[in-house]
Amino acid sequence: MNRRSLLLLFVIPLLAMSYAVAHAADDTADDADDAPRQNLDVLYELAEGFAHDRAVDFDAERIEVKASSLDRRLRLAECTQGIEAFQPSGSSFPGRATVGLRCEGPSHWTVYVSVDMKVYVPVVTARDYLRKGELVGADDIELAAVDIGSLTSGYYTEPAEVVGMQVSSGIKPGIALKPSQLRKRTLVHRGDRVSILIATGGLQVSSQGEARADGAKGDRIVVRNLRSKKEVEGVVIDAGVVEVAL
């Protein structure tokens, strides 16, 4: 047998084997293409439903949730054993958030769907223009439904929380009031003569004192008793009045 015949003896079987492997790979790819695929619209519905359920604690007037589309080239095997929705670490509602979807079988996959969630809650807003320095009255404010996802600096839901507070920066009509725009009205100033109400043994005794610091209602400040010359700590309960519990 010459060298050429010997070479053909080895090459021909190898070519046949390569053809068989390639053909088998093609068959596998065809089978994979024919496998049922997960309906992406189902994933959007699950993500939106999960996000909507997270809003039940907000006492909202209206909730709007819209899932962003996944890449249509995404090819997920159909999940026949149920899809679990979960909240990934770092994701928070409302606002722009992410919902995780996990399939446990027969295929195992996890995808993340972005959702835009708007939760409209009645919050305290300015009825008229509120100027810096003025005190907030009950007629100056009203409740209006606002998307709290946009109120990242905080908000108020009860008018009583802000009535009597002092405006620290101008607030336009229709705008939700933020904690940074208000401050407690100062009822006692450092150096002021104040009435000290001393509660002890069920009795209440009044004495004259001097405030050692500014204070708003509910603030704890130090006052100096003008009679005993002692300094004690009390709570501001009204203009020029500090209550001390012994």
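The values are calculated or read from the model by the stated rules, or taken from the named source; none is laboratory data. Keep in mind that this is a model prediction, so the values were computed, not measured. Cβ coordinates were reconstructed from backbone atoms using ideal geometry, including for glycine residues, and neighbour counts include every protein chain displayed.
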- In the stretch 30-81, the residues that are basic (Lys, Arg), in a loop (DSSP other than H, G, I, E, B) and under 18 Å from the mean Cα position of the chain (by Cα): Arg54
- Query: Which one of Pro106, Pro94 is at pLDDT below 90 and closer than 17 Å to His52 by Cα?
  - Reply: Pro94
- Message: Of the residues Val188, Val194, Val124, only one is under 30 Å from Phe50 (Cα atoms) and either touching a residue at least 40 places away in the same chain (Cβ under 8 Å) or not assigned by TED's automatic domain parsing to the domain that holds Ala51 (or both); which?
- Response: Val124
- Note on the structure: If we keep only residues of the stretch 55-74 that are aliphatic (A, V, I, L, M) and more than 21 Å from Thr157 (Cβ to Cβ), then the residue surrounded by the fewest Cβ atoms within 10 Å (Cβ to Cβ) is Leu74
- Query: Are there any pairs, at least 6 apart or on different chains, whose C-beta atoms fall under 9 Å, with the first in the stretch 64-76 and within 18 Å of Asp53 (Cα to Cα) and the second among the hydrophobic types (A, V, I, L, M, F, W, C) and assigned to a loop (DSSP other than H, G, I, E, B), and if so, which?
  - Reply: Val65/Ala55
